[in-house]
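One structure below.
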Amino acid sequence: MFDVKTKVLVVDDMLTMRKIVTKILKDLGFTDISEAQDGQEAWEKTQAGNFGLIISDWNMPNSTGLDFLKRVRADSKLSKTPFLLVTAEAEGHQVAEAIKSGVDQYVVKPFSKDSLQSKLESAYKKCSARLGT
Amino acid sequence: MSKTAFIVEKNEGYTVVRLEGELDFTHCKIFEEAIDGISNNANAHVLINCESVGTIPKDWLRGILRINLNLKKDGKVLKLFHVNPALMNYFKKEGIDTTFKIAKDLRDALTDLGLAPKRTLDTEFINPFLTATIHVLKVQAETDAKPGPISVKKASDQHSGDVSGIIGIISETFNGSVVISFPEATFLKVISKMLGEEYTKIDKDIIDGAGELTNMIFGQAKIVLNEKGYGIKTAIPSVVSGKNHIMSAMTKGPKVVVPFESSAGNFFVEICLSN
């Protein structure tokens with residue numbers, strides 16, 4: 001599982017959803033959590049910060065979570081950052097597109113603390129295998 | 001090879017081909033083979049979505065013309081839709097603006113062909129929203145909810161709430177909306193459960209929770225309905241608040257109202273659909 005000291009960025013245009021994800025992360029022991037309202041603000045924060053985990057909503061105005069994921073994966077400094085996409089819409093073609101774009105896990109809303117924890121564990125294993133750690 | 005230049009979506013009686021990316025020679029051959037394969041194996045009209053292209057290279061045009069002729073021989077139709085002004089000017093310049101049948105959008109193309117699916121506000125359409133409402137409140141807010149009897153909303157009926165989430169249901173062939181509307185007390189209990197702390201008044205910190213719940217309900221229902229071919233597109237919810245406000249659907253079609261009882265209090269869901 002991710003070290004609870006990992007710096008996490010939570011991205012969602014809905015304040016309520018940012019609060020839900022942040023609360024679950026805090027319950028799981030994470031302490032260094034930042035928030036952004038859309039893909040553009042998230043991109044600016046990733047340029048300034050050294051995030052070890054990104055949890056982003058997909059469907060946001062301005063810059064979507066998928067756009068943000070693609071920018072992260074295309075950036076040499078950020079490309080290996082573990083990235084989870086959260087969405088209420090998990091149709092097959094969307095899942096396929098997210099996987100193709102390099103997402104590490106896909107969280108479908110609504111979700112419980114247990115299901116987010118399970119997705120984090122799964123993403124950690126996938127990232128560890130990818131990074132050879 | 002560059003990015004795929006077309007996406008094929010097979011449907012009952014018709015196939016939609018979306019042109020996008022680089023229309024190069026290699027993809028042209030693949031495109032022609034793919035469409036020939038569809039034409040030979042299914043009794044389907046071919047509808048080409050040109051939304052993403054401003055021009056079509058000559059080898060692609062030749063391919064589309066050949067496919068058009070072959071389909072005609074078999075009594076089938078090829079139509080282009082979402083032809084933007086730049087592409088239409090290009091067709092005119094090439095003298096082929098009357099060669100193809102052109103429709104404004106997929107809905108028009110399907111209507112012309114007598115294939116536009118008529119969607120009705122029936123249990124097949126309504127039930128996924130009710131199931132999703134129960135599921136979303138249970139998982140995200142630990143709230144048990146039970147729907148009451150579904151009633152058709154008359155013009156004189158007015159259902160008021162204090163906080164409402166609304167989202168448009170948009171597809172190529174029909175439109176609609178779904179509203180979830182809470183009295184203040186119910187909303188505060190639901191949000192308090194969702195966020196794990198008690199809230200006693202509605203403020204900017206929690207109000208978008210109504211939109212998020214609507215978004216989740218819409219998303220869950222969309223998965224089920226799109227598996228049945230409804231083709232509902234992604235949308236972003238809005239929130240309306242104000243004591244005893246009355247929501248009015250954005251579309252003019254029939255509406256149903258479903259009252260819910262829950263462990264957090266009563267609320268209602270309104271669904272509207274217009275072909």
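The values are calculated or read from the model by the stated rules, or taken from the named source; none is laboratory data. No experiment lies behind these values; they were computed from the predicted model shown. No Cβ is skipped: glycine too gets one built from the backbone with ideal geometry, and neighbour counts run over all protein chains shown.
Things to note:
- Selection count, segment B:239-251, where residues are at pLDDT 85 or above and either in contact with an Asp or Glu (Cβ under 7 Å, 6 or more places away or on another chain) or surrounded by fewer than 17 Cβ atoms within 10 Å (Cβ to Cβ) (or both): 4
- Total residues in segment A:94-118 satisfying the condition of being surrounded by fewer than 18 Cβ atoms within 10 Å (Cβ to Cβ), within 12 Å of chain B (Cβ to nearest Cβ) and closer than 22 Å to B:His135 by Cβ: the figure is 5.
- For segment B:216-231, the condition of being part of a loop (DSSP other than H, G, I, E, B), touching a residue at least 12 places away in the same chain (Cβ under 8 Å) and at the interface with another protein chain (Cβ under 8 Å from one of its Cβ atoms) holds for none of the residues.
- For the criterion of being free of Cβ contacts under 8 Å to residues at least 12 places away in the same chain and either within 28 Å of B:Ser171 (Cβ to Cβ) or not in a loop (DSSP other than H, G, I, E, B) (or both), B:Asn68 fails.
- Test: residue in segment B:129-142 that is crowded, with 16+ Cβ neighbours inside 10 Å, out of contact with any Lys or Arg (no Cβ under 6 Å at 6 or more places or on another chain) and part of a loop (DSSP other than H, G, I, E, B): no
- Within the set B:Leu87, B:Leu65, the sole residue that is over 30 Å from B:Lys255 (Cα atoms), over 28 Å from the mean Cα position of the chain (by Cα) and aliphatic (A, V, I, L, M) turns out to be B:Leu65.
- Which numbered condition B:Ile38 misses (of (1) free of Cβ contacts under 8 Å to residues at least 12 places away in the same chain; (2) at negative phi): (1)
- Filter pass, B:Ile236 being in contact (Cβ under 8 Å) with a residue 40 or more places away in the chain and either more than 8 Å from every other protein chain (Cβ to nearest Cβ) or part of a helix (DSSP H, G or I) (or both): no
- Summed over segment B:81-99, residues that are part of a helix (DSSP H, G or I), in contact (Cβ under 8 Å) with a residue 12 or more places away in the chain and buried (at least 16 other Cβ atoms within 10 Å of the Cβ) total 2.
- Cβ separations smaller than 8 Å between residues 6+ apart or across chains give the following pairs from segment B:100-117 residues that are part of a helix (DSSP H, G or I) to residues that are of a type in the set (Lys, Arg): B:Ala109/B:Lys79; B:Asp112/B:Lys79; B:Asp112/B:Lys101.
- Residue, surrounded by the most Cβ atoms within 10 Å (Cβ to Cβ), within segment B:195-215, restricted to residues that are within 11 Å of chain A (Cβ to nearest Cβ) and β-branched (Val, Ile, Thr): B:Thr214
- When B:Glu142, B:Glu124 are screened for being within 13 Å of chain A (Cβ to nearest Cβ) and among the acidic types (Asp, Glu), only B:Glu142 passes.
- Condition met for A:Ala48 (of a type in the set (Gly, Ala, Ser), closer than 24 Å to B:Asp205 by Cα and either out of contact with any Cys (no Cβ under 6 Å at 6 or more places or on another chain) or within 14 Å of another protein chain (Cβ to nearest Cβ) (or both)): no
- Test: B:Val53 is crowded, with 21+ Cβ neighbours inside 10 Å, closer than 16 Å to B:Ile102 by Cβ, under 26 Å from the mean Cα position of the chain (by Cα) and among the aliphatic types (A, V, I, L, M): yes
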